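Down below is the structure, laid out as structure tokens.
Every number in this text was worked out from the coordinates using simple rules, so none of it is lab data. A quick note: this is a predicted structure, and the numbers were derived from the prediction, not measured. No Cβ is skipped: glycine too gets one built from the backbone with ideal geometry, and neighbour counts run over all protein chains shown.
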Amino acid sequence: MRIKFGDHLYVDTKVFRVKFSCDFSVCKGACCWKGIPGVEMLGGLLSEDEASIIETHKKELSRYSVEELQHYAATDPIEEYKGDKFTRLIGDRCVYSNYLAGCCSLKLAHRDGVIPFGIPLSCEMFPVIAYMDGDDCIIDLEEDREYCKCALVKGVEDGKTAFELVNGALRKFLEDDYPALENLVKSVRDGSY
């Protein structure tokens with residue numbers, strides 16, 4: 001069920017209700033390197049600032065990628081689709097996926113002070129996704145991928161919802177509209193909505 005919480009903002013209540021806690025020890029960050037059969041995938045959606053930073057530092061960032069992706073990360077790490085910029089996928093793998101380190105190469109570069117962000121905001125928000133439907137922004141949950149089943153189990157064990165997992169990223173994404181979402185969450189939790 002979708003609920004309106006701003007002028008053009010809607011959220012699916014699954015975001016607040018579904019227990020979800022990433023279990024990297026099991027999935028190894030599969031959302032960054034494992035596609036879905038029959039679905040054309042895009043990499044992480046980048047803001048203009050993120051894309052500019054990656055482009056400026058691409059050679060230095062490439063050394064954090066696994067060897068087979070370093071060439072792509074150093075030369076052409078960004079692709080455009082319908083006016084938006086994304087991290088490049090080679091097959092189904094993001095050029096910054098680093099299964100050997102168990103995390104995003106951009107996160108490693110951030111840790112070393114190379115770039116000012118750890119991972120693109122769209123990646124930080126996963127499994128919560130945001131997309132446009134006309135003038136409306138829809139915030140939804142994409143928890144049904146096979147490799148996310150371990151996160152559903154861990155979410156129950158941890159007692160953590162998808163909203164709690166990505167709360168900080170949603171705050172950054174929504175900026176001034178975040179308090180309205182926070183009030184909605186309280187209403188849903190106490191049963192007054």
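As a test of the formula, what do you get for the chain when each DSSP H run with n ≥ 4 contributes -39,500 (n - 2.57) and the sum is divided by the residue count, at 222 nm and rounded to the nearest 500 deg cm²/dmol?
Values: 9 runs with 79 residues, N = 193.
Theoretical 222 nm ellipticity from helices: -11500 deg cm²/dmol.
Of the GluC sites (Glu not before Pro) found in segment 1-77, the ones in coil according to DSSP and having at most 11 other Cβ atoms within 10 Å of their Cβ are Glu40. When the alpha carbon gyration tensor of segment 43-193 is reduced to an equivalent ellipsoid, the three semi-axes, largest first, read 30, 18, 14 Å. Among Ser105, Ser47, Ser25, the largest mean-square fluctuation in a Gaussian network model of the chain (Cα springs under 10 Å) belongs to Ser25. Relative to the Cα centre, the charge distribution of the chain, modelled as +1 at Lys and Arg Cβ and -1 at Asp and Glu Cβ, gives a dipole magnitude of about 680 debye. Counting only residues at least eight positions apart within a chain, or on another chain, the lysines with an alpha carbon under 22 Å from that of Lys186 are Lys4, Lys14, Lys19, Lys160, Lys172. Between the residues Val11, Ala169, Gly102, the greatest Cα displacement towards the positive end of the dipole of the chain, with unit charges on the Cβ of Lys, Arg, Asp and Glu, is found for Gly102.
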